[in-house]
Amino acid sequence: MTVQDEPVDDAKRLVGTWRLVSIAGSTLGPYRGEKPTGLIYYDDKGQMAVQIMPSRKRSLYTDALPTAEEARDALLGYTAYFGTYTVDAKNQTITHHRTGNINPGGIGDFVRRYEFLSNDKIVLMPIESNAGLTWERIT
């Protein structure tokens with residue numbers, strides 16, 4: 001087998017910065033707006049981070065600190081967490097081991113199925129749903 005014939009390591013293919021292209025089947029649609037933006041990063045040391053910001057209009061705070069309603073509105077639909085990751089190429093899953101999260105209840109493992117659509121495009125799908133987030137490599 002030559003080097004060219006060797007299978008490409010999925011974990012190595014993930015390394016880089018990816019921008020959000022689309023979200024399909026999410027129940028957070030009303031909170032995310034029509035065209036949310038986001039970035040997800042995977043490094044070669046096993047670290048990862050993601051942020052997804054809603055495209056819907058959010059109100060400005062009336063004071064220096066938001067009211068409970070303003071804070072709720074600002075957070076709904078926003079995703080932000082970081083941690084490490086592991087790839088199971090055999091089962092085509094990636095596990096985000098979340099150590100920090102904007103949602104205090106979102107610490108711990110989050111398993112997603114993945115499918116490479118090309119070298120520069122991937123879909124990540126939660127195991128428990130058919131929702132899919134399509135990402136495009138930018139670095």
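The values are calculated or read from the model by the stated rules, or taken from the named source; none is laboratory data. Note that the coordinates shown come from a computational prediction; the quantities given were computed from them, not determined experimentally. As a convention, Cβ positions derive from the backbone with ideal geometry for all residues, glycine included, and neighbour counts pool all protein chains shown.
Quick one: how many residues across the stretch 107-128 are over 22 Å from residue 19 (Cβ atoms), of a type outside the set (D, E, K, R) and at pLDDT below 95? Steps first, please.
First, the residues of the stretch 107-128 that are over 22 Å from residue 19 (Cβ atoms): 107-109, 111, 127-128.
Checking which are of a type outside the set (D, E, K, R) leaves us with 107-108, 111, 127.
Still in the running and at pLDDT below 95: 127.
Adding up the residues that qualify gives 1.
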Residues of the stretch 116-131 being in contact with a Lys or Arg (Cβ under 9 Å, 6 or more places away or on another chain) and surrounded by 14 or more Cβ atoms within 10 Å (Cβ to Cβ), in sequence order, are 116, 121, 122, 123, 124, 125, 126
Among (1) of a type outside the set (Gly, Ala, Ser); (2) over 25 Å from residue 24 (Cβ atoms); (3) crowded, with 16+ Cβ neighbours inside 10 Å, residue 40 falls short only on (2)
Filtering the stretch 89-115 for residues that are surrounded by 14 or more Cβ atoms within 10 Å (Cβ to Cβ) and not small (Gly, Ala, Ser) leaves a count of 14
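Among the residues of the stretch 72-85, is any modelled with pLDDT of 90 or more and surrounded by fewer than 14 Cβ atoms within 10 Å (Cβ to Cβ)? Give the steps one after another, and end with the answer.
Step one: list which residues in the stretch 72-85 are modelled with pLDDT of 90 or more, which gives 78-85.
This time we only want the ones that are surrounded by fewer than 14 Cβ atoms within 10 Å (Cβ to Cβ), so: none.
No: the stretch 72-85 contains no residue that is modelled with pLDDT of 90 or more and surrounded by fewer than 14 Cβ atoms within 10 Å (Cβ to Cβ).
Those residues that are among the β-branched types (Val, Ile, Thr) and more than 28 Å from residue 23 (Cα to Cα), I need them from the stretch 59-79; list them, please.
62, 67, listed by residue number.
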inquiry  = Taking the criterion of being in a loop (DSSP other than H, G, I, E, B), modelled with pLDDT under 95, surrounded by 14 or more Cβ atoms within 10 Å (Cβ to Cβ) and on the phi < 0 side of the Ramachandran plot, would at least one residue in the stretch 26-33 satisfy it?
reply    = yes
